[in-house]
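Q: First, the structure itself, so that you have it in front of you.
What follows draws every value from the coordinates through simple rules; no lab data is involved. Just so we're clear, the structure is a prediction, and the values are computed from it rather than from any experiment. Backbone-built Cβ (ideal geometry, glycine too); neighbour counts: all protein chains shown.
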Amino acid sequence: MSTTITSYVLCIDDGGYAESLEVRKIYPVLPDDKAASRDYVRIIDETGEDYLYPMKYFVPLSLSADVIGALTARSIDTNTNR
């Protein structure tokens, strides 16, 4: 599976996973066609690991390439400093 961030979603429901998801936070999405076909999304959550969550917990964001680049750079910096 690719670890390339392809898009971002906004969390609208933590689904009872308060330690892993924060409502109103933007999360990076990793490509996972099998998960997407089942209405799940693979994100890098608060643990710094990628996990599958129901897509109903999120809203997809339409962002410019510049914004995606800035968020991706910030995400990489944050994860390497854990």
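Q: Looking only at strands (runs of 3 or more DSSP E) that lie completely in the stretch 26-72, which have at least 1 residues being in contact with a Cys (Cβ under 7 Å, 6 or more places away or on another chain)?
A: Because the criterion is at least 1 residues that are in contact with a Cys (Cβ under 7 Å, 6 or more places away or on another chain), the strands (runs of 3 or more DSSP E) in the stretch 26-72 that meet it are 26-30, 58-60.
Q: For the stretch 16-32, indicate whether the set of residues that are touching a helix residue (DSSP H, G or I) at 6+ places or on another chain (Cβ under 8 Å), over 12 Å from residue 60 (Cβ atoms) and loosely packed, with under 14 Cβ neighbours inside 10 Å is non-empty.
A: So far as the stretch 16-32 goes, no, none of its residues is touching a helix residue (DSSP H, G or I) at 6+ places or on another chain (Cβ under 8 Å), over 12 Å from residue 60 (Cβ atoms) and loosely packed, with under 14 Cβ neighbours inside 10 Å.
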